[in-house]
Amino acid sequence: MVKVVESADIFVLDSKHPKKANISGLQKDWRKHISTSKFLPTVSQPDEDNMRILGEEENVEQLQAVKNSKLLVKLKINNIDLKTVVGHSGGISFRKLPVACLPLPTGIKSQEYWAKWKEFKATTINLAASVSQLFSANALLLEYLQDWWDSTYKFSMEKNWTCSNNPCDTLPAIVEQTSKVVTEWHSSIGKKAINILTDLFTDNKMLQDKIVKWVEDTCGKKGEFHWVYLNPDAPLGMRSAFQSNLVLEIFSFHLKQAAGTAIDHGTPIGGLALCTAAMEHALGLWANGEDPKKKVAEASTSNSKK
């Protein structure tokens with residue numbers, strides 16, 4: 001479980017045994033409660049139980065801790081470089097191999113075991129989202145992997161290992177494949193943030209000048225982060241931080257990836273930080289009113305002709 005240390009404004013991990021998952025997040029029909037505004041829909045007050053991380057009354061320490069964590073994420077959102085936690089003597093890069101290298105049995109029950117791998121992935125994302133310093137999540141994998149494996153599968157890691165002649169390669173292979181899950185999760189959040197804005201501008205048939213003006217109004221002055229709040233113009237303490245439609249939509253995308261986790265590792269404060277950092281970055285990419293994906297495609301085409 002993640003707790004706030006008020007004197008230091010940081011989050012630390014509680015060493016208590018994790019409890020069974022009870023994923024909190026958006027209601028399935030949350031989109032039905034959205035009302036239309038000029039450009040961007042707003043969301044009605046979320047259910048307190050479902051959105052307890054995005055509480056109505058902002059706690060100053062919690063808000064600052066999320067901002068600090070978000071800044072750490074922002075520094076690396078463009079250049080994720082997660083190093084392998086475990087080395088091995090065989091020289092095999094299991095991270096580059098397909099997920100089929102995992103030591104899961106073949107045969108009539110293979111589909112059942114691969115379905116459980118989805119649960120394993122969700123548990124990994126749940127852990128990664130629970131730490132305040134997201135890019136240190138991989139360092140925690142060794143501490144949890146064996147317990148996850150034992151709770152998900154009823155056989156040893158080494159029993160069905162076939163990718164090398166060394167059974168000791170089994171754990172590094174699982175660590176590297178699990179590490180890849182974290183990397184893909186980071187990447188998917190960044191892409192989703194861009195797609196949310198792309199769909200918004202496309203659905204509202206907004207041209208470049210209107211997009212530029214909308215982004216300016218949505219971001220506010222430097223350091224204001226209007227888009228984070230449900231009511232950015234309300235008095236301090238009544239703005240409903242992290243309850244804007246942009247935050248809710250991208251955070252719901254994260255919750256879908258963490259759904260089905262076997263173990264709940266606590267409040268997803270890091271997941272919220274990643275989502276807000278990704279959306280802030282996406283707004284920056286759209287600041288000139290041009291589709292960032294088209295710019296990348298054009299640059300790639302131009303380079304290929306050289």
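The values are calculated or read from the model by the stated rules, or taken from the named source; none is laboratory data. In this text the structure is predicted, and so the values were computed from the model without any measurement. Glycine gets a Cβ as well: all are built from the backbone with ideal geometry, and neighbour counts include every protein chain shown. Note: accessible area is taken over every heavy atom of the protein model, side chains too, but ligands, DNA and RNA are not part of it. Shrake-Rupley method; radii C 1.70, N 1.55, O 1.52, S 1.80 Å.
Using Cβ point charges alone (K and R +1, D and E -1), the dipole size of region 196-306 about the Cα centre works out to roughly 380 debye.
Note on E224 and K295: with the Förster distance fixed at 25 Å, the Cβ-Cβ geometry gives a FRET efficiency of about 0.40.
List the trypsin sites (Lys or Arg not before Pro) within region 158-193 that fall in a DSSP loop (any state other than H, G, I, E or B) and whose Cβ has at most 16 other Cβ atoms within 10 Å. List each step's numbers first, then the result.
Working: sites: K159, K180, K191, K192; in loops: K159.
Taking region 158-193 and a limit of 16 other Cβ atoms within 10 Å, the loop trypsin sites (Lys or Arg not before Pro) found are K159.
Taking every protein chain into account, the 1.4 Å probe leaves T198 with about 20 Å² of accessible area, to the nearest ten.
Residue separation of T198 and S151 scaled by 0.36 nm, minus their Cα-Cα distance, works out to 12.9 nm of gained length.
The modelled label-to-label distance between T183 and W114, using points 7 Å beyond Cα along the C-beta direction, is 2.2 nm. Packing order of peptides 235-241, 204-210, 223-229, highest average first: 223-229, 235-241, 204-210 (average count of other Cβ atoms within 10 Å over each peptide's residues).
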